[in-house]
Amino acid sequence: MKSIKFTCVKLMIYSASLLVGILVMVPFDGYTNQKIVVQIGASKTAINIQDFVKQYNVSDSITEVYLGGWYQYYVGNFETIKQATDYSIEIVEKTKLPMAYPRIIEVADSIQQQTQISDSVPITDTIIPLEDSIKTTIIKPQNIPETSVKNKRQVALNKNNYLLLNLIGEEKALQIKNNLIIYGDKHFPFLLNRFYRRVVEKIFVYPIILLLILLILFFILNVIFVVLVLYYSNKSKNRKERYIKVYRTMYEEVLLSYLFGEIDWGKVLVKLKKISRPLNKKIVSTILFNFQDNLKGGMDDQIPEIFVKLGLHKSALKAAKSAMYYKKVQGMRDLTYLYSKGALEIIPDYLNDSNDLVRAEAQTSYIRLHEDKPFEFLKTLTSPFTRWTQLTAFHLFRLHQLPVPSFVDYLDSEHPNVRNFCLQMISFFQQLENASEIFNLLKSPVELTRYLCIKAINDLRLYDGKELIKNIYSDETEKNKLEIIKVFRTIGDENDFEFLEGIIQTDSISPKTEACRSMYYMNNTARERLEDLNLSFEKKLAPFIAHVTDLRN
């Protein structure tokens, strides 16, 4: 027999369902009983009913109930509260009673009741205010004459329930309260019902309690909802992962068998079960993508053929035209590696896309598919060429050993990041032609562009640029000043001593230190000139020289 495995969530659901079912479906009428009566008096000691009848001219049968140390006296047994309310008004008008109130009383099996006829038992005592009696539900009578409505408890209740009574009305509020009590009497056990009735009473006296209870219930329901969502989402995720793992293994075996000639295409179509499902198509596309990236030796043409034969190129084209950016990226990637014809048609539309990820994927795909001119798109680029895309493009360029274009052709781009990328590529590939284009960018308002130009002059050994960078030194930033000084360490000569000495004599510590380093490592003549300069400064340059000659620096 298979055992039932309870999780925390299942146990909570089953327990709550069982409790609600018991409370709603199974009534507990045997514990309590309710009566709608009119109370006409209460006393700590038993009163003489006959004297009471003569004094107040009462002709009804009077029921005496002893509860919690009080003798309570009622008349009538009504079916509705309205009947009791009408009768309370009527009995006050017909007799000399100062007050009478309709009430719902609960009578447990253990409570002793005595019904006295008005002409059979003598009584004497004073009527006790009704708010002192217990185990009763007070129902405020409607349309009672002003002389008979003197209960301070009722007035206090109305003030506390001002908002509630104005929203739904006094009569409606009392009806809701009585319905709640009746429901508890019918469906809750005696002990639980006692607590439930106290809560109901408090709610209608202090409405803030109702708000707190609603907030607590909302919190509990919210916690249950979150737990259920987490449980079922995790369960769905695990089921999907198992599904993908099973079909991925099966599809890989089938496709590898076909690629190695073990089975024909007819058997492939038979063994590729449920291939029409969107998720299964994604699984096959991922497998073919990995095959194309890792399998070589004559299989480069077979894998794209499988992609087209299965109709997956249609799904990829549809994904590439989707409104969702991540679908566009995945679609372009699949087309680039497995259906280049379709990729060449759609990639130009996304080279300037507003989404960075879509634009980056389109630009890298362009480089991958245009081996003769991989960076030609830079001429028409109107959107930023991000640093991450630059790194990816350089990686693809080196990985596939694409022909090196002349990056000087793209230096006139309107985007600074394109110009900066080209300057870095010019330095990396040592493209010395058209150095004048590099010199022109020394006037660029972008600090990084000027920095890369200075660095290019240093890396490419462009001696014609020395005078240009000397002229702009005083107006440059601290970072660019240091890069200018480094240029003279590589391509400096005796004509540059005066420029470096001026920096040592007047500039701040960082440029002064870098100038000492450039002179020290330029050549022997410059080193001797630096020593003479140190002597003329009474060896004040000794700490700087010691710093630049320390191998740790």
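Coordinate-derived values only; no laboratory data. Note that the coordinates shown come from a computational prediction; the quantities given were computed from them, not determined experimentally. No Cβ is skipped: glycine too gets one built from the backbone with ideal geometry, and neighbour counts run over all protein chains shown.
Points to keep in mind about this one:
- Note on region 261-397: percent of Cα-Cα distances in each 5 Å bin, starting at 0 and stopping at the bin with the largest distance, equals 2, 10, 19, 21, 19, 13, 8, 5, 2, 1, 0.
- Along the axis of the charge dipole computed for region 256-358 (Cβ charges of +1 for Lys and Arg, -1 for Asp and Glu, origin at the Cα centre), the listed residues Ile287, Asn352, Leu335 are led at the positive end by Ile287.
- Cα-based radius of gyration of region 480-553 once divided by 2.2 N^0.38 Å, which approximates compact folds: 0.97
- Other residues within the sphere of radius under 11 Å centred on the Cβ of Asn480, judged by their own Cβ, net out at 0 (K and R +1, D and E -1).
- Shown for region 339-492: lysine pairs separated by 8 or more places, or found on different chains, whose C-alpha atoms are under 29 Å apart, numbering 22.
- Euclidean distance of C-alpha centroids, region 370-401 and region 442-511, integer Å: 30 Å
- Quotient of Cα Rg and 2.2 N^0.38 Å for region 398-553, N being how many residues it contains: 1.16
- Considering only Cα atoms, the convex hull volume of region 327-412 works out to 92 Å³ per residue.
- Residue-by-residue Karplus 3J(HN,Hα) for region 70-80, coefficients 6.51, -1.76, 1.60, Hz, glycine and proline x: 10, 9, 10, 10, 10, 10, x, 8, 9, 8, 10
- A simple count of charges around Glu253, restricted to other residues whose Cβ falls under 14 Å of its Cβ and scoring Lys, Arg +1 and Asp, Glu -1, yields +3.
- Each 10 Å bin from 0 upward holds the following percent of the Cα-Cα pairs of region 382-421: 28, 53, 19.
- Protection proxy ranking of 411-419, 474-482 - average other beta-carbon atoms within 10 Å, highest first: 411-419, 474-482
- Other-chain or far-sequence residues with amide H under 5 Å of Tyr101's (modelled H): Gln39
- For region 182-254, alpha-carbon Rg relative to the globular expectation (2.2 N^0.38 Å, N residues): 2.15
- When Rg and the Kirkwood radius Rh are both evaluated on Cα atoms of region 280-320, their ratio Rg/Rh stands at 0.97.
- Cβ-based net charge around Asn534, under 13 Å, with every Lys or Arg adding one and every Asp or Glu removing one: 0
- Inter-centroid distance (Cα atoms) of region 57-87 relative to region 298-348, Å: 87 Å
- Only lysines eight or more places from Lys94 in sequence, or on another chain, were considered; those with a Cα closer than 16 Å are Lys54.
- Here's the list of lysines a cross-link from Lys245 could span, going by alpha-carbon distance under 24 Å and ignoring same-chain residues fewer than 8 apart: Lys235, Lys237, Lys267, Lys271, Lys273, Lys274, Lys281, Lys282, Lys309, Lys327.
- Span from the region 197-259 Cα centroid across to the region 177-192 one, whole angstrom: 33 Å
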